[in-house]
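As structure tokens, the structure follows; a few thoughts come after it.
Read the figures in this text as sums done on the coordinates, not as results from a lab. Note that this is a predicted model, so its numbers are computed, not measured. Cβ sites come from the backbone with ideal geometry, for glycine too, and all protein chains shown count toward neighbours.
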Amino acid sequence: MAKTVMITGSSAGFGLAMAKLFVAKGYRVIGAARRLDKLHSLKAKLGDNFYPLAMDMVDKDSISQALASLPEKWQTIDILINNAGLALGLDKAYETDFADWETMIKTNIIGLTYLTRQLLPKMVERNQGLIINMGSTAGTVPYPGANVYGASKAFVKQFSLNLRADLAGTKLRVTNIEPGLCEGTEFSNVRFKGDNERADKLYEGAHAIRPEDIAQTALWIAEQPEHLNFNRIEIMPVSQTFGAQPVYRD
Ligand code: 8X3
């Protein structure tokens, strides 16, 4: 029986690339996202091994209702990919809009943990399951304007590792994928609130990570031998590296 993968945020970017790749490789994919119309168009392309599921990650009731609505043959989830997440703004902490922080916390932390908490008991009962979380290099490397976004990804990293600690003695696996600069997604268009020119400029000549690269990474994790757990995978484009720490002097 083909494995069933639930992918959040699967109407665009990494989630879309993952949905396409996993279906192409014979998996059954539940694609969760807010934009049901986009998921339906995707189903028209991907066929019966794709199940579109309307789910709003900022709303716990929406998550519960979506899970409860799954037809019986889609209820056993082998792999959860917590891909949905966003960055809003790149302003300094003392200038930012608090509503943006709330949305990031609700989506990147509360939605992710709530959905995981809903699916974990059955995975533990079956003693089978893989959780792939989408972290970020921003969860490790601080930078100006990353404030709550980076902190939310640091949360996802530590949550992933702590899950492994709780899952000791089970066969469940957890991996946090931590990409750096990625193009070909709506990430920066969302972050810069529709300033597409600013978003495009960020990627100029950078040969950044592509959604297909992240989809291949997720598939690779899913296909590794079951006695191996990849705790964290940090990926940057070759064009991106580390800088000196600035010192401001009197
Ligand atoms: C995406 C990477 O550097 O834009 O999470 O924060 S970065």
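Where in the range 1-98 are there helices (runs of 4 or more DSSP H), lying fully within it, with 2 or more residues that are aromatic (Phe, Trp, Tyr)?
The qualifying helices (runs of 4 or more DSSP H) are 13-24.
Which one of the conditions (1) within 16 Å of the ligand (Cβ to nearest atom); (2) within 25 Å of Ile209 (Cα to Cα); (3) part of a helix (DSSP H, G or I); (4) in contact (Cβ under 8 Å) with a residue 40 or more places away in the chain does Gly150 fail to meet, given that it meets all the rest?
(4)
So Tyr143 passes all but one of these: (1) within 16 Å of the ligand (Cβ to nearest atom); (2) in contact with a Phe, Trp or Tyr (Cβ under 9 Å, 6 or more places away or on another chain); (3) of a type in the set (Phe, Trp, Tyr). Which condition number does it fail?
(2)
Here is a check on your reading of the model: is Ala138 surrounded by 16 or more Cβ atoms within 10 Å (Cβ to Cβ) and either among the hydroxyl-bearing types (Ser, Thr, Tyr) or within 13 Å of the ligand (Cβ to nearest atom) (or both)? Outline the logic, then answer.
Details: surrounded by 16 or more Cβ atoms within 10 Å (Cβ to Cβ): yes; either among the hydroxyl-bearing types (Ser, Thr, Tyr) or within 13 Å of the ligand (Cβ to nearest atom) (or both): yes.
So Ala138 fits the description; yes.
For a quick check of your reading of the model, give me the residue pairs whose first member lies in the range 174-195 and is among the small types (Gly, Ala, Ser), whose second is in a loop (DSSP other than H, G, I, E, B) and more than 10 Å from the ligand (Cβ to nearest atom), with beta-carbon atoms closer than 6 Å and at least 6 apart or on different chains.
Gly184/Arg210
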